[in-house]
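Student: The following block contains the structure, expressed as C-alpha cells.
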Amino acid sequence: MIRKQLLTLLIACLLTGSLSAQSWFEEKDLTLTGVYYYPEHWDESQWERDFRKMRELGFEFTHFAEFAWAQLEPEEGVYDFAWLDRAVALAAKYDLKVIMCTSTATPPVWLSRKYPEILLKDEQGITLDHGARQHASFSSPLYRKLAFRMIEKLAEHYGNDARIVGWQLDNEPAVQFDYNPKAEQGFRDFLREQYDNDIAALNAAWGTAFWSEVYRSFDEITLPKRAQMFMNHHQILDYRRFAAKQTNDFLNEQCLLIKRYAKNQWVTTNYIPNYEEGHIGGSPALDFQSYTRYMVYGDNEGIGRRGYRVGNPLRIAFANDFFRPIQGTYGVMELQPGQVNWGAINPQPYPGAVRLWLWSVFAGGSDFICTYRYRQPLYGTEQYHYGIVGTDGVTVTPGGEEYAQFMQEIKSLRGRVAEREKKPADYLARRTAILFNHENSWSIERQPQNRTWNTLGHIEKYYRTLKAFGAPVDFITEKQDLTPYPVVIVPAYQLADKELVERWTAYAKQGGNLVITCRTAQKDRFGRLPEAPFGSMIFDLTGNEMEFYDLLLPDEPGVVKMGNNHYRWNTWGEILRPAKGTQVWATFEEEFYAGKPAVTTRRLGRGTVTYVGVDSTDGALEKAVLKRLYDALHIPVLDLPYGVTMEYRNGMGIVLNYGDKPYRFELPEGAKVLLGDEEIPTAGVLVFSFVK
Ligand code: GAL
C-alpha cells in the first residue's frame with residue numbers, strides 16, 4: 001500500500017516537473033542554520049580552523065562563491081574551480097553542506113574592459129564601472145551570454161555533488177532603472193509584444209492624445225525619464241513592468257540552466273524585501289523564495305528610546321507573511337549577526353535581539369536561516385560589518401553567541417515537537433489574507449493626490465491590527481485562491497478589471513468576508529479612469545456609490561465617528577452614498593459632509609462586504625473596524641500590545657517581545673513552557689507547547 005502511494009507521488013512529481021518545495025527540507029530538522037563564508041578572502045591555512053569552529057558553534061551549512069567570478073574565471077574562458085573544490089571538501093569534513101552561488105553580481109574586470117557595453121547606465125548617462133558590484137545590465141544580451149557560460153561550467157561541475165544542497169542566484173537582485181541602449185531596445189520589443197505590434201493600441205493605452213504625446217511607431221519610444229516630473233504615467237507603468245521582467249527573466253534563465261545539471265539541488269535567490277519593486281516571486285522556475293533582512297541600522301523604528309537596537313517589531317513578520325505564501329516554503333538568506341557598516345548610525349544590537357530575530361524568522365514557518373557573515377572583513381567596503389567571529393578570526397561576537405544559543409535550542413526541540421502545521425483552532429480561525437499587487441503602488445505613487453499618502457503605510461495599518469489580534473496573515477496575489485480565508489482584505493487596490501471584481505463578488509457570495517478599502521478599483525490595468533461614475537467598478541459589490549473624495553491638511557485632521565468613538569483622518573476620505581441594505585458603520589463628523597458615511601458593511605450572498613472609505617491618521621479606525629467585523633463574525637481575537645507578536649508552528653506557540661518593557665503572557669490552558677518564561681523581557685522569547 002505504502003509503496004503504491006510513493007509511486008503515485010513520484011509520478012505526480014514527474015508530471016509536474018518538480019519536487020514540491022517542502023520536500024527540499026526535512027520537517028524533523030525544524031530549521032537549518034548556516035553562515036556565509038568567502039574562502040577567497042582568507043588564507044587557505046585558516047579555512048579548516050574556521051569550518052571546525054562553525055560546526056562547533058552549531059552551524060549546519062555554509063555559503064560560497066557569491067562574489068567570486070574573478071576567481072572562478074580569471075581570464076575569459078579560463079576556469080579555476082580547484083580552490084572552491086578544496087573549500088567544499090573541507091566544509092564537508094566538518095559536516096557542513098554548501099549553498100553555491102552564481103557570482104553574477106560581480107563581473108571580473110576583463111569582462112567590463114573588453115565588453116563595456118554590458119555596463120549599466122544611469123539616467124544622467126553615467127556608465128557604472130568596475131570597482132564595486134552590481135554594475136552590469138540585465139538587459140545586455142552579451143552580459144547574459146557571458147554570465148550563462150560561466151554558470152553552466154559551475155553547474156556542470158557542482159550539479160551532481162551531494163555536498164551542495166542548493167544554489168543562490170546573483171545577490172539581492174533588484175529591478176534596474178537602466179538607461180543602457182540595450183534596455184531601450186528591450187523596452188520597445190516588450191511593448192511590441194504587449195500591444196501586438198499595434199501602435200494605435202499603445203497610444204490608446206497610454207492616452208497619448210493628451211499633450212500631443214502620440215507615437216507613430218514603436219521605434220520612437222524611449223525609456224521614460226525620471227527627471228521629467230510630468231512624464232506619462234501610463235508609460236511609466238509599462239516601463240516598470242518591463243524593468244521587473246528583465247530581472248525576473250535573468251534569474252529564471254539562470255535557474256533553468258542550473259536545473260539542466262543539478263541533481264536534487266534547489267535553486268533560489270536572496271531578495272531584499274522591497275515589496276513595491278514588483279519582482280519578488282516573478283521567476284517561476286525558482287524552487288522557493290528567500291529574503292535578506294537587516295534589523296538595526298540607526299533609524300529608530302523600534303519601541304522606546306533604545307528601540308533602534310531591537311528594530312521594527314513587524315519587519316521580519318511582514319517578510320515572513322509575504323514570502324511564505326508564494327510557494328509555501330521560504331528561507332532567510334541573510335540576517336545580521338551584529339553591527340552593520342552601511343547604516344546612517346550602526347549601533348550594537350540590544351543583548352538578546354539577534355536571538356529574537358532568529359526566533360521571529362522561525363515563527364513564520366521558515367525552513368532555513370543563514371547569517372551574513374562568519375568573519376568580519378579586514379579590508380574592503382564592509383570592514384565595520386560584524387560577523388559571527390571578530391577581526392582576529394576566532395573570538396565569537398555577542399551575536400555569534402546568540403546564534404549558538406538559538407541553534408542549540410532548535411536542536412534540543414528536534415524530535416520533541418509536533419508536525420509543522422499543527423496549530424490551534426482559534427489561531428487558524430482568524431487566518432486572514434491581504435491582497436497585494438505592487439502595480440497599485442506604482443500607479444498611486446504617480447498620482448498620490450496627497451503628499452501624506454503612503455500605500456504600504458496604508459496596508460500596514462491593517463497588518464498591524466491583524467498581528468495584534470494574533471492572526472496568521474498571508475499576503476497573496478489576486479490569482480491565488482481566496483476560499484481558505486474567512487476574511488480577505490483588499491487595501492487600496494487601485495488597478496482592477498471586471499473579472500477581478502467578479503472574483504471578489506463570487507468569494508463574498510460563497511461566504512467570504514471582504515474588507516475593501518479606499519482607492520480600490522478606480523482605474524483599469526493601464527491606469528486609465530473608466531468612462532463611468534468615478535469608482536463605480538465596485539458599486540454593486542460594496543453597495544455604495546461614491547459622492548466624491550476629500551483630502552485634509554496634515555496638521556488639521558478631520559474626525560470620523562464610529563459608535564461612541566472618534567478617529568482622526570487626513571490623507572484620504574471617500575464620502576459614500578449607501579444603497580438600501582448597506583449598513584453605515586462610521587460617518588464623517590465635520591466639513592460640509594458631516595453625517596455622511598465613511599465606513600459601511602453589507603451582507604452579500606452568504607458573506608459580507610465591508611468598505612472603509614478613509615485612511616486614518618494612526619490606524620486606530622482600521623483596528624476598530626476589524627475588531628467590530630471579527631466580533632460580528634465570531635472570530636476570536638487577541639489584543640496584543642504593539643511590539644508583542646505570537647505565532648504557532650510545530651505545535652508550539654512562540655511569543656516575541658520587541659517592546660521596551662517586560663510583557664506577561666497568559667499561557668493558554670494546558671500549555672507547557674519549553675523556553676523562556678511567562679514574564680518576557682525586552683528582546684525575550686517565550687516558546688510553549690500546547691500539545692499535551
Ligand atoms: C546585503 C548584501 C550583502 C552584504 C550585506 C551587508 O544587503 O546582500 O552582500 O553587502 O548587505 O550588510
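The values are calculated or read from the model by the stated rules, or taken from the named source; none is laboratory data. This structure is a prediction, so every number in the text was calculated from the model and none was measured. Cβ sites come from the backbone with ideal geometry, for glycine too, and all protein chains shown count toward neighbours.
Student: As an exercise: evaluate Lys145 against (1) in contact (Cβ under 8 Å) with a residue 12 or more places away in the chain; (2) assigned to a helix (DSSP H, G or I) and give the number of the one condition it does not meet.
Tutor: (1)
Student: Would you point out which residue out of Tyr379, Tyr386, Tyr403 is within 13 Å of the ligand (Cβ to nearest atom), among the aromatic types (Phe, Trp, Tyr) and not assigned by TED's automatic domain parsing to the domain that holds Ala683?
Tutor: Only one candidate passes the filter, namely Tyr386.
Student: Being of a type in the set (Gly, Ala, Ser), outside the structural domain of Asn203 (by TED's automatic domain parsing) and touching a residue at least 40 places away in the same chain (Cβ under 8 Å), is that true of even one residue in segment 253-263?
Tutor: Quick first cut of segment 253-263, residues of a type in the set (Gly, Ala, Ser) only: 262.
Within this subset, residues satisfying the condition of being outside the structural domain of Asn203 (by TED's automatic domain parsing) are none.
Among the residues of segment 253-263, not one is of a type in the set (Gly, Ala, Ser), outside the structural domain of Asn203 (by TED's automatic domain parsing) and touching a residue at least 40 places away in the same chain (Cβ under 8 Å), which makes the answer no.
Student: In segment 209-247, which residue that is more than 32 Å from the chain's Cα centre (by Cα) and assigned to a helix (DSSP H, G or I) is farthest from Glu445 (Cα to Cα)?
Tutor: Asp219
Student: Let me ask something else about it. Can you tell me which residues in segment 81-116 are surrounded by 21 or more Cβ atoms within 10 Å (Cβ to Cβ) and part of a helix (DSSP H, G or I)?
Tutor: Leu84, Ala87, Val88, Ala91, Leu111
Student: Determine which member of the set Pro313, Pro351, Pro325, Pro337 is away from the ligand (no atom under 14 Å from the Cβ), in contact with a strand residue (DSSP E or B) (Cβ under 7 Å, 6 or more places away or on another chain) and farther than 28 Å from Thr247 by Cα.
Tutor: So the residue among Pro313, Pro351, Pro325, Pro337 that is away from the ligand (no atom under 14 Å from the Cβ), in contact with a strand residue (DSSP E or B) (Cβ under 7 Å, 6 or more places away or on another chain) and farther than 28 Å from Thr247 by Cα is Pro313.
Student: List every residue pair whose Cβ atoms lie under 8 Å apart, where the two residues are 6 or more positions apart in sequence or sit on different chains, the first residue falls within segment 562-573 and is at positive phi and in a strand (DSSP E or B), and the second residue, located anywhere, is buried (at least 20 other Cβ atoms within 10 Å of the Cβ) and among the polar types (S, T, N, Q).
Tutor: Listed pairs, sorted by first residue: none to list.
Student: Suppose we keep only residues that are of a type in the set (Phe, Trp, Tyr) and in a strand (DSSP E or B) within segment 574-629. Which one would you say is nearest to the chain's Cα centre (by Cα)?
Tutor: Tyr611
Student: List the strands (runs of 3 or more DSSP E) that sit entirely inside segment 266-342 and contain at least 1 residues that are assigned by TED's automatic domain parsing to the domain that holds Phe242 and not polar (S, T, N, Q).
Tutor: 266-271
Student: Another question, then. With (1) among the charged types (D, E, K, R); (2) more than 16 Å from the ligand (Cβ to nearest atom); (3) assigned to a loop (DSSP other than H, G, I, E, B) as the list, and Glu172 as the residue in question, which single condition is left unmet?
Tutor: (2)
Student: Additional query: So which strands (runs of 3 or more DSSP E) are wholly in segment 632-692 and hold at least 2 residues that are on the phi < 0 side of the Ramachandran plot and surrounded by fewer than 15 Cβ atoms within 10 Å (Cβ to Cβ)?
Tutor: Those strands (runs of 3 or more DSSP E) span 672-675.
Student: I need the full set of residues from segment 47-72 which are under 20 Å from Gly390 (Cα atoms), in contact with a Pro (Cβ under 7 Å, 6 or more places away or on another chain) and within 16 Å of the ligand (Cβ to nearest atom), in order please.
Tutor: Phe64
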